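Every number in this text was worked out from the coordinates using simple rules, so none of it is lab data. All values derive from a computational prediction rather than experimental measurement. Counting neighbours? That spans all protein chains shown, and the Cβs are built from the backbone with ideal geometry, glycine included.
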Amino acid sequence: MIDDDRIRCAWAESTPDYRAYHDVEWGVVLRGDDALFERVSLEAFQSGLSWLTILRKRDAFRTAFSQFRIAAVAAFDDDSDVARLMADAGIVRNRAKIRATIGNARAALDVPNGLSDLLWSFAPDLTRPRPATLSDVPATSMESMAMAKELKRRGFSFVGPTTAYALMQATGMVDDHVADCWRAGR
């Protein structure tokens, strides 16, 4: 990696993929139903795996899941599309997660005012102290627990509090860049 003398969150320094993701996307405000559906889906696929695995397969995921257009994924067939996705070596082939993504798209269609408004309704209003180190970054929050509970109530799956919190971090609902990171507060 090229050293640019910027201080980053420690996790971002392990690979060029993580560095690019950290510098360009992680913690940047993201809105829009399809864009957030993609992130919910990818966070669900990440459960139990390395985020690096998901990042490296993201383009294949986008192709396999119709660019994560909610209406398109909701129309997937429970048999033929699941079989097609299970045969796609470019993605994580986990039947439960594939079925969850299709089911989550169907549930997202039923969200009044859209998925983006629902998810952002759980973003904390109050500022909190910026984490000094990675050990100060929580795995969940009261808001992520409430988000996960509401998503489950609406029929979503693979959306527990830790997954919800990771979504909040990734999409700028919370800013968990450590205090000395160049991206902190940007």
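Per-residue counts of other Cβ atoms within 10 Å, averaged by peptide: what ranking do you get for 38-48, 54-64, highest first?
Those peptides, ordered most packed to least, come out 38-48, 54-64.
At 0.36 nm per residue, and after removing the present C-alpha to C-alpha distance, how many nm does the segment from ALA35 to ASP136 gain when stretched out fully?
Stretched fully, the ALA35-ASP136 segment lengthens by 33.5 nm.
Relative to a virtual label point 7 Å from the Cα of ASP4 in the Cα→beta-carbon direction, which members of segment 160-184 show backbone nitrogen distances below 15 Å?
181-184
Let's test the formula: R0 of 45 Å, r as the Cβ-Cβ distance of ARG93 and ARG128. What FRET efficiency results, to the nearest 0.05?
On the way: r = 39 Å, r/R0 = 0.86.
It comes to 0.70.
List the lysines whose alpha-carbon lies under 21 Å from that of LYS57, not counting same-chain residues fewer than 8 positions away?
LYS97
Please sort 110-118, 91-99 by packing, taking for each peptide the average over its residues of neighbouring beta carbons within 10 angstrom, highest first.
91-99, 110-118
Roughly how far apart, in whole Å, are the Cα centres of segment 1-34 and segment 59-136?
Centre-to-centre (Cα) distance: 21 Å.
Per-residue ellipticity at 222 nm for the chain, helices alone: DSSP H runs ≥ 4 residues times -39500 (n - 2.57), over residue total, nearest 500 deg cm²/dmol? Walk me through the intermediate numbers first.
On the way: 9 runs with 92 residues, N = 186.
After summing the helix terms and dividing by residue count, I get -14500 deg cm²/dmol.
Normalised by the number of residues in the chain, what is the relative contact order in percent for Cα pairs under 8 Å and 6+ residues apart?
Once normalised by length, the contact order is 31 percent.
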